[in-house]
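In what follows, a structure is listed as structure tokens, so that the remarks can point back to it.
The values are calculated or read from the model by the stated rules, or taken from the named source; none is laboratory data. In this text the structure is predicted, and so the values were computed from the model without any measurement. Backbone-built Cβ (ideal geometry, glycine too); neighbour counts: all protein chains shown.
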């Protein structure tokens, strides 16, 4: 396999924010199967794991893949170096060894904020620099183009329904709904519950708002099981009632779940 094809595959995974481990041989002794710098990818798929390229096959590659799987399952963000010996203890007689660097990439949490109002913008500001992709979705040009929104925030100047048609939320997605219109909030909530995967679905509002929404959602066919997936209210009023205080409490809630 050419180096170009390997790096094209790596770039494709990064663009998809798909979790994978880059395994590289950084040291070898004796009769280890591949040269220094040999690389492979161990990729976390929806159905399990897959690999791309090779660091030589055999016992060293098998053990590297197993260690990479453990890292992916634990959502480890720190690189690791493992030394593998080809000795009788591991059913080998070659006598060589290799050190393999395992580097995690992709798989960052995606946090979608529907509503680039005062609180939505403040949440984006609080989360700036955190290892997470923060998305702001709002059709209002003057709000989504606010200079207060950090450069790292991914802005979507689009109607919420069009966004959800074009975007498939994955199981690691976290969602917070806080648009400028209660009718929009309910419609967004219904659309996410019906057609998307997520690990957290939060609605900003009072307990009264949520009780009213629950009645309407039940009449629309949603079950208690569906409604149990929703967190409302979000944040902690004890922290304060200003946009910044509310944003800090919501960000704290999100980071605990990350």
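Some values worked out for this structure:
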item: Positions within segment 168-195 being outside any loop (DSSP other than H, G, I, E, B) and loosely packed, with under 14 Cβ neighbours inside 10 Å, in sequence order; result: 182, 183, 194, 195
item: Given (1) at pLDDT 90 or above; (2) exposed (fewer than 15 other Cβ atoms within 10 Å of the Cβ), index of the condition residue 90 fails; result: (1)
item: Residue satisfying condition, being at pLDDT 95 or above, over 21 Å from residue 191 (Cβ atoms) and surrounded by 13 or more Cβ atoms within 10 Å (Cβ to Cβ), within set 154, 158, 144, 121; result: 121
item: Candidates 254, 250, filtered to the one that is modelled with pLDDT under 95 and not in a strand (DSSP E or B); result: 254
item: From the options 149, 81, residue that is at pLDDT 95 or above, touching a helix residue (DSSP H, G or I) at 6+ places or on another chain (Cβ under 7 Å) and either more than 20 Å from residue 184 (Cα to Cα) or part of a strand (DSSP E or B) (or both); result: 149
item: Members of segment 124-141 found to be in contact with a helix residue (DSSP H, G or I) (Cβ under 7 Å, 6 or more places away or on another chain) and crowded, with 24+ Cβ neighbours inside 10 Å, listed by number; result: 134, 136, 137, 138
item: All positions within segment 200-209 that are within 14 Å of residue 227 (Cα to Cα) and surrounded by fewer than 16 Cβ atoms within 10 Å (Cβ to Cβ); result: 207
